[in-house]
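Following: one structure in structure tokens, then a few remarks.
Nothing in this text is a laboratory measurement; each read-out follows from the coordinates by a stated rule. This one's a predicted model, so the numbers in the text were calculated from it and none came from an experiment. Counting neighbours? That spans all protein chains shown, and the Cβs are built from the backbone with ideal geometry, glycine included.
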Amino acid sequence: MKGKKVKMPEQDPKKRVNNFKEVTLGYTEEEAIKEANRCLQCKNPLCMQGCPVEVDIPDFIALVAEGEFEKAAQKIKEKNNLPAVCGRVCPQEEQCERKCIVGIKNEAVAIGRLERFVADYARGKEEIEVIGNQDKGKVAIIGAGPAGLTAAADLAKMGYEVTIFEAFHEAGGVLTYGIPEFRLPKDIVKDEIEKIEKLGVEIKYNHVVGKIKGLEELFEEEYKAVFIGTGAGLPRFLGIEGENLNGVYSANEFLTRVNLMKAYRFPEYKTPVHTGEKVAVVGAGNVAMDAARTALRLGAKESIIVYRRGEDEMPARVEEIDHAKEEGIRFELLNNPTEILGDKEGFVKGIKCIRMELGEADDSGRRRPVPIEGSEWIMEVDTVIMAIGQRPNPILLKDAQDIETTKWGTIDACDESGETSKEGVFAGGDTVTGAATVIEAMGAGKRAARAIDDYIKNLRK
Amino acid sequence: MYRVLEKEVLALKITRLKVDAPKVASKAEPGHFLIVRVDEKGERIPLTIADYDREEGSITIIIQEVGFSSEQICNLEVGDEFLDLVGPLGEPIKTGGYNKVVCVAGGLGAAPLYPKVKSLHKGGAEIITILGARNEELLILEGDFERLSSSLYVTTDDGSKGHKGFVTDILKQVLEEEDVDMVVAIGPMIMMKFVSQLTKEYGVKTIVSLNSLMIDGTGMCGGCRVTVGGDTKFSCVDGPAFDGHLVDYDEQLRRQNFYSKHEQEVKDHVFGGEGCRVNEG
Ligand code: FES
């Protein structure tokens, strides 16, 4: 019985490449109970140490095993404000499930799948939480992504009056503009955000802090503390010839057009996106997989991952890579783009790559790719998507020069509390760490909420 | 929120809207732009702020109907609201400390130029304005510029008003005769290109303003990129105003045509009846 995880049903790859519906379908009640019974209910649960937001994992799993799904949902909600999201996009295999004792000899308990099941089960069934007075003072949150939403929800529960300032016309940050519908349905994100609003959190859309309002003004308006969760929004490019040709996108732009602006329903929705027949995605992280799989669904005949290292070095989750392979994504590993070629109208027509081989390990412990001389070749493509990471967004920092930054341009904030060099200002998520995961950003939001609470309590003394 | 307070048709297919947006108005500076969205299915459209009134809490935009989305904005009536309006975005331009500035506008470029001229004038500069358009009907804001300028020249492609020919013809004359310390040129990409070529010969500093394609307007997508002096810049956060002598205009011309096929598709779709897409997967 301890052997393998109960499998989660999925949409057939051949069908799903033609639609934007969710790929994985979630457990049934029976499957969930069966999986929950694989949990050993350890006295000293190591899985919890692996969870950045400290979910009481064995407790919620025990409730699932008893069929008490709604109670299980409440248990998770005590610590995690976005369970339906985390159950889908957390890299559990590197976190909770990696520490799971069952996982030593067998497959770890499918904590992520169970979390997702419970959150989906409780959707629409939960009672609106009644909260006490929000009279402990005002807190401003900048950015309605995973870090900001988590900090906001926790602070609201503690009794603060919380306002989130969001630059876009929708909340969710990367959950909304970045992660595609087929991996994280947007109505689930909307639902989770609505629940956070019901806690009394106000979201002000179309507000670019640093432009319409400065940090100083927030303090003048009697916000007692500010949390910056503006993410890592400034895409990197390779700096090679041809990168500004028509048909070269950052993954951010490509995914924002499709997810936030719904270009996959063009022309009903008016934002266009260009894919063509063949698409090359440069990079091999989760964002690259998302972009490559999105391109297929938009009608590309071929979608290719171009990555300068090898299979083992790909930073994406194994599950995402597997899904991409099942859907027919081609992998051109150990290839580095050196130039993008255009036709006379300035549209992309190909990408020149040089083959690489793996040399010595570098600082990151991964083997360094070295170009093989004379091995250049041309791949004909219509679109190139750069998914090679991003740097922190500079708008807010331009306005608040007194916040210290690191040499990478990220905000220099204490890991534990999120405290920055500016009094009353806290930060967390990608704007501090550089591009990382949703759950790490949520963890940072959670820790900052606690630190903000302490900070404001001390102000009153 | 973001209600249309006043509407005026300035010329054929060119409309001026005054919009209620007190917070944006309180921070607006010459050179700033906005991003607006009319409805749920609409694009995010960048528009330069053509004027602002902090006391009244309003901002003014001027739009030319060139496609579906701009037409949609032009069709808004007094009392209608924008669904979204975000700004002020971009970097304002420096307008103080100049003696004599030549301001060149081509067509709709007069709109984004206007607040800059106002501010340059306030900053003590003498203004020489050259307004160009295809024909007399398409000239806008002539009276507004006249009030601020020591001299105003008009050029039209067809000679229906003023000099028959291009703004550069007049500009060359002015540069020959006057001691100018800056030229600000806003209009079609090709006009800005030729103006910059000319001013470079005369060694006169030139500022242009680009209307790149944009999504977020905050630096997160890179769709607005432009090569300036050999470096890639993001128009929305580094611009939209740049040193005219350094911009790669040919690249910008090309990028502007990126979605021309898609624009046609939107038209066909709308005329074919909104929402009845046959090949919906
Ligand atoms: S519009 Fe997205 S970065 Fe400028």
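So here's what we get for this one:
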item	result
Residues A:V279, A:V273, B:V36, sorted so that the one with the fewest Cβ neighbours within 10 Å comes first	A:V273, B:V36, A:V279
Cα-centre dipole for segment B:2-89 with unit charges at Cβ (Lys and Arg positive, Asp and Glu negative), debye to 20	220
Max mean-square fluctuation residue, GNM over chain B, Cα-Cα springs under 10 Å, options B:D179, B:D248, B:D157	B:D179
Value of relative contact order over chain A, rounded to a whole percent, pairs C-alpha under 8 Å and six or more apart	16
Positive dipole terminus of chain A, leading residue within A:G87, A:H323, A:V281 (C-beta point charges)	A:H323
Under-5 Å amide H pairs with A:V381, H placed in peptide plane, nonlocal only	A:G350, A:I351
Those lysines that a straight Cα-Cα span of less than 17 Å connects to A:K15, excepting residues fewer than 8 apart in one chain	A:K301, A:K325
Proximal charge balance of A:F219 [Cβ under 14 Å; K/R count +1, D/E count -1]	-4
Value in Å of the Kirkwood radius, where segment B:38-158 supplies the Cα pairs that are averaged	15.9
For segment B:100-254, with +1 on Lys and Arg beta carbons and -1 on Asp and Glu, the positive-most of B:F242, B:V174, B:S149 along the dipole	B:F242
With eigenvalues of the C-alpha gyration tensor scaled by 5 and rooted, segment A:1-148, Å	27, 21, 16
Sorted by Cβ density within 10 Å, fewest first, the residues A:C353, B:C74	B:C74, A:C353
Electrostatic dipole magnitude of chain A [Cβ: Lys, Arg +1; Asp, Glu -1; Cα centre; debye, to 20]	640
At 1.306 mPa s and 10 °C, Stokes diffusion of segment A:392-450 via Kirkwood alpha-carbon radius, µm² per second	140
Under the span-like rule (Cα at least 20 Å along the axis, Kyte-Doolittle mean at least -1.0), DSSP H helices of chain A	A:438-460
Charge dipole magnitude, Cβ of K and R +1, D and E -1 - segment A:175-235, Cα centre, debye nearest 20	240
Distance between modelled label sites at A:Q49 and B:D250, nm, 7 Å Cα→Cβ extension	6.2
Alpha-carbon Debye profile of segment B:2-89, log10 I(q)/I(0) at 0.19, 0.24 Å⁻¹	-0.78, -1.27
Quotient of C-alpha Rg and 2.2 N^0.38 Å, computed over segment A:233-370	1.07
Kirkwood-based shape ratio for segment A:45-99, expressed as Rg/Rh from alpha carbons	0.94
Cα convex hull volume per residue for segment B:100-254 (Å³)	111
For A:L46, net neighbour charge (Lys/Arg +1, Asp/Glu -1) across residues whose Cβ lies under 10 Å away	+2
Sequence-distant lysines (8 or more away, or on other chains) whose Cα lies within less than 16 Å of A:K34	A:K2, A:K4, A:K5, A:K7
Within-10-Å neighbourhood charge of A:G285 [Cβ basis; K, R +1; D, E -1]	-1
q = 0.07 Å⁻¹: log10 I(q)/I(0) that the Debye formula gives for chain A, counting C-alpha atoms only	-0.37
Dipole-positive endmost among B:S70, B:G90, B:V104 within segment B:64-115 (Cβ charges, Cα centre)	B:V104
Helical contribution to [θ] at 222 nm, DSSP H n ≥ 4, -39,500 (n - 2.57), averaged over chain A, rounded to 500	-9500 deg cm²/dmol
Under 18 Å from B:K164, Cα to Cα: lysines that are on another chain or at least 8 residues apart	B:K172
Segment A:54-68 and segment B:1-16: distance between their alpha carbon centers, rounded to Å	59
Directionally averaged projected area (convex hull, Cα atoms, segment A:1-88), nm²	6.9
For chain B, radius of gyration divided by Kirkwood radius, i.e. Rg to Rh on alpha-carbons	0.96
Given B:K161/B:K193; A:K136/A:K198; A:K138/B:K27; A:K398/B:K18; A:K190/A:K262, the pairs whose alpha carbons are separated by over 20 Å	B:K161/B:K193; A:K138/B:K27; A:K398/B:K18
For segment B:139-189, the spread of Cα positions along each principal axis, largest first, Å	30, 23, 22
Average projection area in nm² (convex hull over Cα atoms of segment A:1-52, one quarter of hull surface)	5.6
Ranked A:R355, A:R257, criterion: other C-beta atoms within 10 Å, fewest first	A:R355, A:R257
Calculated [θ] (222 nm, deg cm²/dmol) that DSSP helices of n ≥ 4 give over chain B, each run adding -39,500 (n - 2.57)	-8500 deg cm²/dmol
